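Q: Quick one: this structure, given as structure tokens, is what I'll be asking you about.
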Amino acid sequence: MTEAGAFYLEYGYHPDDPRHAVAERKEGAGARSVSYADRPVARARRAKAEQLVERLVVERRVVFPNPDEAEVGEWRRVVDYAKRHGLVPSGRRIEKQRLWNRERDLQISLEEGPHPNEKSQRPGEAPTVRVPPQIRKPHRAMAAFMEDDAWLHMPSAPRARSLRILQALCSEADRRGHQVAGPAVRGRTQRSTAHGRWAAQREGYVELTVDGFSCRVTIKREYPESLDPDRAVVLMIELPYSRSGRQSKWADRKRWKLEDVLGIVLREIELRAVDDGQRKADEERAAAERKALWTAAMDEARGRAVEAQLAGVLREQSEAWRGSRLLHEYCDALEQRLAAAEPEESGLVDARRWLDWAHQYARSLDPLVLLPGMPKTREVEAEDLKPFLQGWSPYGPSRHGGS
């Protein structure tokens, strides 16, 4: 059990809880122990959190290369400490993520604005976007809505309001230098005589592009099937789902209308663009690092593959030399045997003929009869490299193992 856990069991709250910043432990008759905040672990964590925040203010992003799980857990606790104890500068937030490079580096960054998962953002937290009472000159992205009633198919009152909201979003996006596009104009859709409805009914949307990041902004009724007249006209703006869990929907509520949160919607798109740019930069950096590591691994593997070829030739020559020496030793033994043979012993002529041939054959196997030169190696192929790549693929940095 950790010291903090023992503290919680005894007092009923976590020692880092800011509501109990100076928790004291009584010993005996009124004796006081050192508060948790003054203990070495807490002092060290606070110092580490302060140093991290100071570094983030200057550098904005800090990367810890190839961390193990214990290090990741420690930095998570340091970041949590900084958040709980108000060490993060006002109007900014700390985020941490594991990068998708080979070492899964840990990145801690200081970002602008509230946390993207903060659902309680109020309209006053973003600049107000003025919604015109009527549309005098429709934005170019709204041509399809103005010419085809099948777009934004809903009762006239919420449709007119939706058009004004889209006009405001497009105009403000233009003013901020973003690109705006709407649906293509396809001509009016004929009314179905059988059902009395438009043959094609499409939700209204515009595409906003911020620094190369495109995001579709859709406006529709939140409860289109409701029979309650008040609920049936409630409007909602929706952005595509975000894997990071960012807020993607805003709707009319008692405390505000959709017109009041347009600034927050635009800011969310701009924050997504920043995150998308950072993600692409991280991916490009990780890809470059991976390619550099793969290139180095390939160079080393080629050298080792060539070395393996030379070593194979060397082993073949040494085996041939060893075999030749063994045959020469046999020939020497046979020659001694012939020297000790009696003149009248049968088979001497054949034995001498066999000895002459064996000497020649043993000499032909000896690689040192002539000075051996540097062997010629063949061109290295992918299969030759696989044993030396340590998990890399010989076909590219984006593939794994032997595939």
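What follows is calculated from the coordinates using simple rules that are stated; it is not laboratory data. What you see is a predicted model; the values in this text were computed from it and never measured. FYI the Cβ positions are ideal-geometry reconstructions off the backbone, even for glycines, and counts take in every protein chain you see.
Q: Under a plain spin-label model, where a point goes 7 Å from the Cα along Cα-to-Cβ, how far apart in nm are A4 and T128?
A: Simple spin-label model gives 4.4 nm for this pair.
Q: For segment 308-317, take each phi angle, set θ = phi - 60°, evaluate the Karplus expression 6.51 cos²θ - 1.76 cosθ + 1.60, and give the result in whole Hz per residue in order, putting x for glycine and proline.
A: Ordered by residue, 3J(HN,Hα) equals 5, 4, 5, 5, x, 4, 4, 5, 4, 5 Hz.
Q: Is any residue of segment 270-304 close enough, with backbone N under 13 Å, to a label point placed 7 angstrom from the Cα of E95 along the Cα-Cβ axis, and if so, which?
A: Residues passing the 13 Å test: 270-282.
Q: Same structure, new question: According to the Kirkwood expression over distinct Cα-Cα pairs, how big is the hydrodynamic radius of segment 347-403, in Å?
A: Computed over Cα pairs of segment 347-403, the Kirkwood hydrodynamic radius comes out at 16.1 Å.
Q: For the pair Q247/D276, report the inter-label distance in nm, with labels modelled 7 Å from Cα in the Cβ direction.
A: Result for the modelled spin labels: 2.0 nm.
Q: Related question: Quick one: what are the phi-derived ³J(HN,Hα) couplings along segment 134-143, Karplus 6.51/-1.76/1.60 with θ = phi - 60°, whole Hz, x for glycine and proline?
A: Result, rounded to whole Hz: 8, 9, 8, 10, x, 5, 4, 6, 9, 4.
Q: Place a point 7 Å from the Cα of D299 along the Cα-to-Cβ direction; which residues of segment 376-391 have their backbone N under 20 Å from it?
A: 380-382, 385-391
Q: Compute the whole-percent fraction of alpha carbon pairs in segment 273-389 spaced more than 22 Å apart.
A: 63 percent
Q: Here is a further query. Please work out how much length the chain gains when fully extended from Q390 to M146, using 0.36 nm per residue of separation minus the C-alpha to C-alpha distance, in nm with one decimal.
A: The Q390-M146 span can extend by a further 81.7 nm.
Q: Here's a follow-up. Quick one: if the Förster radius is 51 Å, what FRET efficiency do A181 and A70 give, using the C-beta to C-beta distance and rounding to 0.05?
A: Once the sixth-power term is evaluated, E becomes 0.55.
Q: What percentages, rounded to whole numbers, describe P(r) for segment 289-350 computed over all alpha carbon pairs with 5 Å bin width beginning at zero?
A: It works out to 4, 14, 11, 10, 9, 8, 8, 6, 6, 5, 5, 4, 4, 3, 2, 1, 0, in whole percents.
Q: Quick one: P(r) of segment 61-102 from all Cα-Cα pairs, 5 Å bins, percents rounded to integers, in order of increasing distance.
A: Calculated over all Cα pairs of segment 61-102, the distribution is 5, 19, 28, 23, 14, 7, 3 percent.
Q: Here's something else I'd like to know. Expected output is a single nm value to one decimal: the length gained when fully extending between L371 and D211, i.e. 0.36 nm times separation in residues minus the C-alpha distance. What is it?
A: Result: 50.7 nm gained on full extension.
Q: Sticking with this structure for a sec: What does the extension gain come out to for E225 and W357, with contour length at 0.36 nm per residue minus their alpha carbon separation?
A: 37.1 nm
Q: Each residue of segment 286-297 in order: what ³J(HN,Hα) in whole Hz does its phi give by Karplus 6.51 cos²θ - 1.76 cosθ + 1.60, θ = phi - 60°, with x for Gly and Pro?
A: Each residue's phi maps through the Karplus curve to give 5, 5, 5, 5, 5, 5, 5, 5, 5, 4, 5, 5 Hz.
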